[in-house]
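Notes for the one structure printed next.
The values are calculated or read from the model by the stated rules, or taken from the named source; none is laboratory data. Keep in mind that this is a model prediction, so the values were computed, not measured. Note that we place each Cβ from the backbone using ideal geometry, even for glycine, and neighbour counts take in every protein chain shown.
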Amino acid sequence: MAYPSFVKLVDVGPRDGLQNEQHMVPTHIKVQLVHLLQDAGLKDIEVTSFVSPKWVPQMADNLEVMAGLQRKPGVRYAVLTPNLKGLQAALPSQPDEIVVFGAASEAFSQRNINCSIEESIERFREVVSAARAAGIHVRGAISCTVGCPYEGEVAPASVEKVARLMRDIGVQHVGVADTIGVGTPIKVQRAMEAALKHYDLSEVSGHFHDTYGQALANTLACLQMGVWQFDASVAGLGGCPYAKGATGNVATEDVVYLLHGMGIETGIDLDRLIDAGQFISNALSRPTNSRVAKALLNKRAS
Ligand code: HMG
Ligand code: MG
C-alpha cells in the first residue's frame, strides 16, 4: 500500500478549538497560540471566524486577532465566513483562505447556520465568487458526513450532493467532517469517496472530531485512500456549540506522531508543537487531550 510521503496538516485549534470555550479567551492568548503553531512549523492555521457574535461569542474578537498576527511567509491564515457579511468583515484583515461551512444533514444546517442546505449554497455562491475575485482561496467544510446529532446516521449520497453543489459554485477544496466523532474507518471512507466523486485527491481533507476515540483510525483509513490533507487541533481542543456532547478534533500532536512514525513528513516539529499545546492548556487551566503530549511530557519530566 502506497501511503503519501507528505501530509499537510491544518491546525484548527485557534478556531474550532476555542470557539466552544465558555469564558472569553483573551485576544493576546489566541494570537500567541497562532504564533507558537507557526513556530512549530504549521503552514496552515485556521485563525478565527467571522460569524455572528450572538451565535459564537468567543469569535467576536476576530478582527483584533487577525490584526495581532505577525505573519510568517509561507503560512496560510484561514478564517470562516458563513455569508457575505462575514466575508466583507474579514476582507480588511486579508485572510489567505476563507472557509464556507455547510452540512450533509438538514437539521444540522438549520441549527448551525440557520438555513437549509439549498439556502446555504445560495449564500455561499456570492461569498465564493467575491472571495475568488479577490484572489482568496476558498475551502468548504461539510459537517455531519457520517452522523448528525439530530438526524443520526448520514448517507454518503447526502455528502455527495453537498460536494456537487459546492463544486458547482466554485468551492476549491472540501473538508469531510465528522462533527460528532461517531465515524469508524469504513463509514468515513464511504463519506470521503462521496466527496471524491466531485473533487480530486489533492482537493479533499479529513476533519475528524475524536469523541469516540476513532479519529486516528479514521485518519489512517483516509491515508490508505491517498488523502494527504487533514485538519487537527493542538491539544485536541474544541467542539462545536451546535453539536452538544461532541469533543475536540483529533490532537495535532497525535496525528504528527502517527505520521512521523510511518515515515510520512509534515514539516512540523513535534516538540515545539507540544510546547504550543502546553501553552494553551495552561491558559485554559486544563490538561491536554493529546495522548502523545501527555506521554512525551512525562518523559521530559523523568
Ligand atoms: P442569522 O441570525 O440567520 O443571520 O444567522 P441574519 O442574516 O438573519 O442576521 C441576524 C443578525 O446577525 C444581524 O444582526 C446580522 O447583522 C448579524 P442584528 O441586525 O440582529 O444586530 N450577522 C452577522 N454578524 C457578524 N458576522 C456575520 C453575520 N451574519 C449575520 N457573518 C449566521 C446566520 C450564519 C450568521 C449564524 O447562524 C452564525 O453565525 N452561525 C455560525 C455558527 C458557527 O460558527 N458554528 C461553528 C463553526 S462550524 C463548525 O464548527 C463545524 C466545522 O468545524 C466542521 C465540523 O466539525 O463539522 C467547520
Ligand atoms: Mg469541527
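From the set of residues in the stretch 34-62 that are out of contact with any strand residue (DSSP E or B) (no Cβ under 9 Å at 6 or more places or on another chain) and away from ligand 1 (no atom under 16 Å from the Cβ), which is nearest to ILE268 (Cα to Cα)?
Ranking the candidates gives GLY41 first.
Looking at (1) buried (at least 17 other Cβ atoms within 10 Å of the Cβ); (2) free of Cβ contacts under 8 Å to residues at least 60 places away in the same chain, find the lone condition where THR252 falls short.
(2)
Filter the stretch 10-47 down to the residues that are part of a strand (DSSP E or B), crowded, with 24+ Cβ neighbours inside 10 Å and more than 14 Å from ligand 2 (Cβ to nearest atom) and list them by number.
Matches in the stretch 10-47: ILE45, VAL47.
Residue by residue, here is whether (1) surrounded by fewer than 21 Cβ atoms within 10 Å (Cβ to Cβ); (2) within 13 Å of ligand 2 (Cβ to nearest atom) holds:
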{"site": "ALA232", "(1), (2)": "no, yes"}
{"site": "ALA235", "(1), (2)": "no, no"}
{"site": "GLY239", "(1), (2)": "no, yes"}
{"site": "MET262", "(1), (2)": "yes, no"}
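Confirm whether ALA232 is over 15 Å from ILE264 (Cβ atoms) and of a type in the set (A, V, I, L, M, F, W, C). Write out each step before concluding.
Working: over 15 Å from ILE264 (Cβ atoms): no; of a type in the set (A, V, I, L, M, F, W, C): yes.
So ALA232 fails the test.
Can you find a residue that is crowded, with 24+ Cβ neighbours inside 10 Å, touching a residue at least 12 places away in the same chain (Cβ under 8 Å), in contact with a helix residue (DSSP H, G or I) (Cβ under 6 Å, 6 or more places away or on another chain) and under 30 Å from PRO53 (Cβ atoms) anywhere in the stretch 209-229?
No, because not a single residue in the stretch 209-229 is crowded, with 24+ Cβ neighbours inside 10 Å, touching a residue at least 12 places away in the same chain (Cβ under 8 Å), in contact with a helix residue (DSSP H, G or I) (Cβ under 6 Å, 6 or more places away or on another chain) and under 30 Å from PRO53 (Cβ atoms).
Of everything in the stretch 142-158 that's part of a loop (DSSP other than H, G, I, E, B) and surrounded by fewer than 24 Cβ atoms within 10 Å (Cβ to Cβ), which residue is farthest from ligand 1 (Cβ to nearest atom)?
So the first thing to find is which residues in the stretch 142-158 are part of a loop (DSSP other than H, G, I, E, B), and the list is 144-146, 149-151, 154-155.
Cutting the leftovers down to surrounded by fewer than 24 Cβ atoms within 10 Å (Cβ to Cβ) gives us 149-151, 155.
Numbers: PRO149: 10, TYR150: 13, GLU151: 14, ALA155: 17 Å.
Going through the qualifying residues, I end up with ALA155.
Restricting to the stretch 166-183, and then to whatever is assigned to a helix (DSSP H, G or I) and buried (at least 17 other Cβ atoms within 10 Å of the Cβ), can you tell me which residue is nearest to the chain's Cα centre (by Cα)?
Step one: filter the stretch 166-183 for residues assigned to a helix (DSSP H, G or I), giving 166-168.
Checking the rest, the ones that are also buried (at least 17 other Cβ atoms within 10 Å of the Cβ) come to 166-167.
On the way: MET166: 17, ARG167: 19 Å.
Taking the candidates together, the pick is MET166.
Among ALA107, ALA163, which is crowded, with 23+ Cβ neighbours inside 10 Å, part of a helix (DSSP H, G or I) and modelled with pLDDT of 95 or more? Let's see the steps before the verdict.
Values: ALA107 fails: crowded, with 23+ Cβ neighbours inside 10 Å.
Result: ALA163 is the single residue among ALA107, ALA163 that is crowded, with 23+ Cβ neighbours inside 10 Å, part of a helix (DSSP H, G or I) and modelled with pLDDT of 95 or more.
Filter the stretch 48-75 down to residues that are surrounded by fewer than 18 Cβ atoms within 10 Å (Cβ to Cβ) and touching a residue at least 40 places away in the same chain (Cβ under 8 Å) and give me whichever is nearest to the chain's Cα centre (by Cα).
TRP55
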